[in-house]
Amino acid sequence: MKNCLECGDAIAGREDKKFCCDCCRNSYNNKINKDTNNYMRNINNKLRKNYRILSELNTDKKTKTTKTKLLNKGFDFEFYTNQLQTKTGKTYYFVYNQGYLNLDKQLFVLVKRDFNT
C-alpha cells in the first residue's frame with residue numbers, strides 16, 4: 001500500500017497514483033512551484049508589473065508611447081525577459097511577448113510578438 005506524498009494517508013486506486021485526492025496533489029505542486037525566496041518573488045513581481053503596463057498601453061500589436069507615461073505607471077526598464085537585435089542594430093526589449101524599442105530620449109514604440117506554440 002502506498003501513501004500520499006502530501007498528507008501521508010493510504011492511497012486507493014491505480015498503482016501509479018501519488019496522491020489520495022486532487023486537493024493534496026494541488027497543495028503538493030503549489031508548494032514545489034512557489035517562489036522560494038523574496039529575491040525571486042520580487043523579480044517576478046516586477047516582471048508581471050512591467051508586462052501588465054505594456055499590455056495595457058499596447059492594445060494593438062504596435063503603438064507608440066512616451067517614457068514619462070511608462071514611468072508614471074511604474075515601469076522599471078531594468079527588468080525584461082529577453083532582447084532582440086535587428087539587422088539594422090536596433091535593440092528591442094521584451095517582457096515575454098510584449099516589447100519596446102527606444103526611438104529617442106522620450107518616445108518608445110511598443111510591439112507584441114505572436115508566438116505560434
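The values are calculated or read from the model by the stated rules, or taken from the named source; none is laboratory data. As the structure is a prediction and not an experimental result, all values here were calculated from the model. For neighbour counting, all protein chains shown are included, and Cβ atoms are generated from backbone atoms with ideal geometry for every residue, glycine included. For the accessible areas, the whole protein counts, side chains as well, though only heavy atoms, and no ligand, DNA or RNA atoms are used. Shrake-Rupley method; radii C 1.70, N 1.55, O 1.52, S 1.80 Å.
A dipole drawn for the chain from +1 and -1 charges on Cβ atoms has a positive end, and of Asn45, Thr66, Phe77 the residue lying farthest that way is Thr66. Compared with the dominant Cα axis of the chain, that is its longest principal axis, helix 22-33 is turned about 50°. Amide H contacts of Lys64 (H built 1.01 Å from N, in plane; Pro and chain starts excluded): Leu110 sit under 5 Å, all sequence-distant by 5 or more or on other chains. Annotation: per residue accessible area for the chain equals 73 Å², rounded to a whole number [probe 1.4 Å, protein chains only].
Axis angle, to the nearest 10 degrees, between helix 38-57 and the longest C-alpha principal axis of the chain: 50 degrees. Taking a straight line from the alpha carbon of Lys87, these lysines sit under 20 Å away, with near neighbours fewer than eight places off in the same chain left out: Lys62, Lys112.
Placing unit charges on C-beta atoms (Lys and Arg positive, Asp and Glu negative, everything else neutral), compute the dipole magnitude of the chain about its Cα centre in debye, rounded to 20.
Values: 23 positive and 12 negative charges, 104 e Å.
In total the dipole reaches around 500 debye.
Each of [x] 101; [y] 116; [z] 168 is a candidate for volume of the Cα convex hull per residue in Å³; the one calculated from this structure is [z].
Using a Förster distance of 25 angstrom, determine the FRET efficiency expected from the C-beta separation of Met1 and Asp22, and round it to 0.05.
On the way: r = 20 Å, r/R0 = 0.80.
With R0 = 25 Å, the Cβ-Cβ based efficiency is 0.80.
Subtracting the Cα-Cα distance of Asp104 and Thr68 from their residue separation scaled by 0.36 nm leaves 11.7 nm.
Select from segment 59-117 those trypsin sites (Lys or Arg not before Pro) which occupy a DSSP coil region and have at most 16 other Cβ atoms within 10 Å, ordered by residue number.
On the way: sites: Lys61, Lys62, Lys64, Lys67, Lys69, Lys73, Lys87, Lys90, Lys105, Lys112, Arg113; in loops: Lys61, Lys73, Lys87, Lys90, Lys105, Arg113.
Qualifying residues, ordered by number: Lys61, Lys73, Lys87, Lys90, Lys105, Arg113.
Applying 1/(1 + (r/R0)^6) with R0 = 22 Å to the Cβ-Cβ distance of Asn29 and Asn97 gives a FRET efficiency near 0.30.
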